[in-house]
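K.L.:
Before anything else, here's the structure in question.
The values are calculated or read from the model by the stated rules, or taken from the named source; none is laboratory data. Predicted model only: the values in this text are computed from it and were never measured. Heads up, the Cβs are rebuilt from the backbone with ideal geometry, glycines too, and the neighbour counts pull from every protein chain shown.
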Amino acid sequence: MSFDYDNDRTLKSFMRGQARHPDTPFEITDWSMKEAAPERSWEREARERIRRSDMLIVVAGRKTRNAPGVRKELKIAREEGVPVAQIIGYKNKRCPRVPNAGRRYRWTHENLKKLLG
């Protein structure tokens with residue numbers, strides 16, 4: 001999962017909660033890189049984590065399209081051939097489309113099951 005760490009950390013928590021739903025056919029592993037790391041090291045570790053993923057879901061918030069980490073993760077996913085899609089993070093807030101993040105979906109349990117199941 002890719003999200004705007006500076007503005008939308010709560011979305012990560014919401015997604016992890018969604019994964020605990022009894023009929024959820026997917027799991028989410030928190031591979032967030034919480035520690036500060038030199039740019040080269042961060043990119044190498046992000047690439048390894050993305051490479052091991054079945055799909056990269058971009059959870060789009062109000063400013064996600066401008067988040068440098070999200071842009072880098074998308075680039076890596078494309079280079080590694082990992083499928084990408086985006087989920088609209090908030091119902092009642094404008095969440096602009098994230099360029100190169102694949103098709104957009106409303107955040108519903110059924111949509112997540114279709115994407116990740």
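K.L.:
Of the numbered conditions (1) at pLDDT below 90; (2) surrounded by 12 or more Cβ atoms within 10 Å (Cβ to Cβ); (3) β-branched (Val, Ile, Thr); (4) within 14 Å of the chain's Cα centre (by Cα), Val70 fails exactly one; give the number of that condition.
P.N.:
(1)
K.L.:
Next up: When Ala77 is evaluated against the numbered criteria (1) of a type outside the set (D, E, K, R); (2) surrounded by fewer than 13 Cβ atoms within 10 Å (Cβ to Cβ); (3) farther than 17 Å from Arg9 by Cα, which criterion, by number, is the only one it fails?
P.N.:
Checking Ala77 against (1) of a type outside the set (D, E, K, R); (2) surrounded by fewer than 13 Cβ atoms within 10 Å (Cβ to Cβ); (3) farther than 17 Å from Arg9 by Cα, the one that fails is (2).
K.L.:
Could you list all residues from the stretch 80-95 that are more than 18 Å from Ile28 (Cβ to Cβ) and surrounded by fewer than 17 Cβ atoms within 10 Å (Cβ to Cβ)?
P.N.:
Matches in the stretch 80-95: Glu80, Gly81, Tyr90, Lys91, Asn92, Lys93, Arg94.
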